[in-house]
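Student: Below is the structure I would like to discuss, written out as structure tokens.
The values are calculated or read from the model by the stated rules, or taken from the named source; none is laboratory data. Bear in mind that the values here come from a model prediction, so they are computed numbers and not experimental data. Cβ placement follows ideal geometry from the backbone for every residue including glycine, while neighbour counts extend to all protein chains displayed.
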Amino acid sequence: MTFRLWHLASVLAVTMISVAIGGVIATWWVAEQEFREILDDDLEAQSEMLADLFDANLVPKHLEELERVLIEAFDDDDEETIWVSVYANAHHVSNLPHTLPLASTTSGAISLAHGGYQWHGYQTSKGDIVVQVLRRGDLYGEVTDEILEHVSAPALLGGIFNLLLLTTLIALILVPVTRLVRQLKARDAGSLEPVIVNTAIQEIDVLRDSVNELMAGIDIVVTRERQFASDVAHELRTPLTTLKLELASDSPELPVVKAEVERLTRTVEQLLILARLEQGQWHRRFDAIPLAAICKRVVARFHEKFDAAGMRLVSSIAAAEIRGDAVLLETLLTNLLQNVLRHCPAGTQTQIELEPAASGQVCLRVTDNGAGIAQEARAQMTRGFTRLDSKSGGLGLGLAICHRIAEIHGGSIAFPARGDGIPGLSVEARFPA
């Protein structure tokens, strides 16, 4: 089940208003009951007090004087009107003149009608004296209305304030989220630019940044896929064109065909390795492996190749361990040495060095004294997929694979200038020890 946030806000608003109104009603009802009990208890106490006074002969016995005292003591002011009647020996006096007979001599709550009002109160019987103390019923309503007014006003104002606060909070959340959704809906599949949503809410900032990070990651993947497709097209075009031309001739040169087939085979192998690297088929839960043993194995395999090309291969390999995959690291060093064989002239000397570096790293360095590469070109090579030669396969695939292998192992590849002033190229691969 799905719902919109405005629907939830509406439900909360209705709930808040209902709770506020219900609280006011409940408070008014409880206050009315309590107020009536207090007034009734007060009337009962006054009735009993007057009855005790009469029984103790503490008030005038003459009816005229007693009536004057009652009128003066219980003034009718339409706000706190009290009706007091005293019955004794078939006679009665009252502060509000009336001719109502005494209906009962039993002490208890009573209700009487007089002067167009309904009166409620209490009567107390002491010997042959009955004292009635009553209050107008409409005054109860006026007092409870005042109570309701004083209780409901703050409650309703508080409810309105809470409702405004809730509306503001929902608006602060919905407005940036709505903008974010609109920006995403307005884009096509190829629009991966960062979304721009300005808000003071930290959670919305985190959501925006997460979306932008996701799109940045997708952009990187798409760029790599496009570069990979371009790399495939470039690497396969030259050998396929050469094979097509040779096979179309009347007398194809078999050595050329064989060389191009071998080149095509190497290219396909490199492409497969790069595809597997891009797809993340190598996990990052590596074991500790002796990098020195891998380097020695590769050097031993390439000695004969360098001798055949009229080059010299020397090595200085110190003991070092890193966490990684032996096949990938061997591929990295193999690609670097194959690039030397393809692009350096006879007489080139290549040195492989493996040594601990600063900050807990291991440095694998391949240095040659060939023609070297310009500084601008070296800067481009640090980004991978750089092609410096359209012949012999170029450097694109080899560098791309080396960069990805280093990245997978938490390392990096750099092309620093040689510090001894000798022409040539130096490649440094650094890994966490």
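Here is a yes/no grid of residues against (1) in contact with a Lys or Arg (Cβ under 8 Å, 6 or more places away or on another chain); (2) within 23 Å of Arg342 (Cα to Cα); (3) in the same structural domain as Ser359 (by TED's automatic domain parsing):
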residue: Leu243; (1), (2), (3): no, yes, no
residue: Ala259; (1), (2), (3): no, yes, no
residue: Leu277; (1), (2), (3): yes, no, no
residue: His303; (1), (2), (3): no, yes, yes
residue: Val314; (1), (2), (3): no, yes, yes
residue: Ile322; (1), (2), (3): no, no, yes
residue: Asp325; (1), (2), (3): no, no, yes
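Student: From the residues in the stretch 178-204 that are closer than 24 Å to Val221 by Cα and of a type in the set (Asp, Glu), which one is nearest to the chain's Cα centre (by Cα)?
Tutor: So the first thing to find is which residues in the stretch 178-204 are closer than 24 Å to Val221 by Cα, and the list is 180-181, 183-196.
In the following step, the residues that additionally are of a type in the set (Asp, Glu) were identified as 188, 193.
Working: Asp188: 25, Glu193: 21 Å.
This residue is Glu193.
Student: Of Thr267, Thr223, which residue is within 28 Å of Ala429 (Cβ to Cβ) and touching a residue at least 24 places away in the same chain (Cβ under 8 Å)? Lay out the reasoning, then the answer.
Tutor: Values: Thr223 fails: touching a residue at least 24 places away in the same chain (Cβ under 8 Å).
Checking each option against the conditions leaves just Thr267.
Student: Now for a different question. Can you pull out the residues in the stretch 184-201 that are of a type in the set (A, V, I, L, M) and surrounded by 10 or more Cβ atoms within 10 Å (Cβ to Cβ)?
Tutor: Taking the stretch 184-201 and keeping what is of a type in the set (A, V, I, L, M), we get 184, 186, 189, 192, 195-197, 200-201.
Answer for the stretch 184-201, where residues must be of a type in the set (A, V, I, L, M) and surrounded by 10 or more Cβ atoms within 10 Å (Cβ to Cβ): Leu184, Leu192, Val195, Ile196, Val197, Ile201.
Student: Pick out the one residue from Ala275, Ala216, Ala248, Ala292 that is modelled with pLDDT of 75 or more, farther than 26 Å from Asp188 by Cβ and exposed (fewer than 15 other Cβ atoms within 10 Å of the Cβ).
Tutor: Numbers: Ala275 fails: modelled with pLDDT of 75 or more; Ala216 fails: farther than 26 Å from Asp188 by Cβ; Ala292 fails: exposed (fewer than 15 other Cβ atoms within 10 Å of the Cβ).
That would be Ala248, the only listed residue that is modelled with pLDDT of 75 or more, farther than 26 Å from Asp188 by Cβ and exposed (fewer than 15 other Cβ atoms within 10 Å of the Cβ).
Student: Out of contact with any Asp or Glu (no Cβ under 6 Å at 6 or more places or on another chain), farther than 22 Å from Gly410 by Cα, surrounded by 14 or more Cβ atoms within 10 Å (Cβ to Cβ) and at pLDDT 90 or above: which single residue out of Ala377, Ala309 fits that description? Can you show your working first?
Tutor: Working: Ala377 fails: at pLDDT 90 or above.
None of the other options fit; the residue is Ala309.
Student: Could you please find all residues in the stretch 117-166 being among the β-branched types (Val, Ile, Thr) and surrounded by 15 or more Cβ atoms within 10 Å (Cβ to Cβ)? Can you show your working first?
Tutor: Step one: of the stretch 117-166, the residues among the β-branched types (Val, Ile, Thr) are 124, 129-131, 133, 143-144, 147, 151, 160.
Scanning the stretch 117-166 gives Thr124, Ile129, Val130, Val131, Val133, Val143, Thr144, Ile147, Val151.
Student: State all residues of the stretch 301-322 that are hydrophobic (A, V, I, L, M, F, W, C) and more than 55 Å from the chain's Cα centre (by Cα); if no residue qualifies, say none. So that I can check it myself, show each step before the final result.
Tutor: First, the residues of the stretch 301-322 that are hydrophobic (A, V, I, L, M, F, W, C): 302, 306, 308-309, 311, 313-314, 317-320, 322.
Those that are hydrophobic (A, V, I, L, M, F, W, C) and more than 55 Å from the chain's Cα centre (by Cα): Phe306, Ala308, Ala309, Met311, Leu313, Val314.
Student: Let me ask something additional. Hey, any hits in the stretch 97-104 for a residue that's of a type in the set (Ser, Thr, Tyr) and touching a helix residue (DSSP H, G or I) at 6+ places or on another chain (Cβ under 7 Å)?
Tutor: First pass over the stretch 97-104, keeping only residues of a type in the set (Ser, Thr, Tyr): 99, 104.
Checking which are touching a helix residue (DSSP H, G or I) at 6+ places or on another chain (Cβ under 7 Å) leaves us with none.
Checking the stretch 97-104: not a single residue is of a type in the set (Ser, Thr, Tyr) and touching a helix residue (DSSP H, G or I) at 6+ places or on another chain (Cβ under 7 Å).
Student: Of all residues being in contact with a strand residue (DSSP E or B) (Cβ under 6 Å, 6 or more places away or on another chain) and free of Cβ contacts under 8 Å to residues at least 24 places away in the same chain in the stretch 93-106, which is farthest from Gly137 (Cα to Cα)? Just the residue, please. Outline the logic, then answer.
Tutor: If we filter the stretch 93-106 for residues that are in contact with a strand residue (DSSP E or B) (Cβ under 6 Å, 6 or more places away or on another chain), which is where we start, we get 93-96, 98, 102, 105.
Those still in the list that are free of Cβ contacts under 8 Å to residues at least 24 places away in the same chain too: 96, 98.
Working: Leu96: 16, His98: 18 Å.
Ranking the qualifying residues of the stretch 93-106, first place goes to His98.
Student: Same structure again: Tell me which residues, restricted to the stretch 317-341, are part of a helix (DSSP H, G or I), surrounded by 17 or more Cβ atoms within 10 Å (Cβ to Cβ) and touching a strand residue (DSSP E or B) at 6+ places or on another chain (Cβ under 6 Å).
Tutor: Leu336, Val340
Student: Here is a check on your reading of the model: is Asn212 under 18 Å from the mean Cα position of the chain (by Cα) and among the polar types (S, T, N, Q)? Lay out the reasoning, then the answer.
Tutor: Working: under 18 Å from the mean Cα position of the chain (by Cα): yes; among the polar types (S, T, N, Q): yes.
Criteria met by Asn212.
Student: Moving on to the next point. Kindly state which strands (runs of 3 or more DSSP E) lie completely within the stretch 92-165 and contain at least 3 residues that are more than 17 Å from Ala31 (Cβ to Cβ) and either among the polar types (S, T, N, Q) or not assigned by TED's automatic domain parsing to the domain that holds Met16 (or both).
Tutor: Details: elements: 108-114, 117-126, 129-136.
In the stretch 92-165, the matching strands (runs of 3 or more DSSP E) lie at 117-126.
Student: Can I ask one more? Mind checking which residues of the stretch 350-374 are of a type outside the set (Ser, Thr, Tyr), more than 43 Å from the chain's Cα centre (by Cα) and at pLDDT 85 or above? Don't jump to the end; show me each part of the working.
Tutor: To start, the set of residues in the stretch 350-374 that are of a type outside the set (Ser, Thr, Tyr) comprises 351-358, 360-366, 368-374.
The next check asks that each one be more than 43 Å from the chain's Cα centre (by Cα); those that pass are 351-355, 365-366, 368-374.
Listed by number, the residues that qualify are Gln351, Ile352, Glu353, Leu354, Glu355, Arg365, Val366, Asp368, Asn369.
Student: How many residues does the stretch 133-143 contain that are closer than 14 Å to Asp40 by Cβ and modelled with pLDDT under 75? Before the answer, list the steps.
Tutor: Step one: filter the stretch 133-143 for residues closer than 14 Å to Asp40 by Cβ, giving 133-137, 139-140, 143.
Those still in the list that are modelled with pLDDT under 75 too: 140, 143.
The number of residues fulfilling the criteria is 2.
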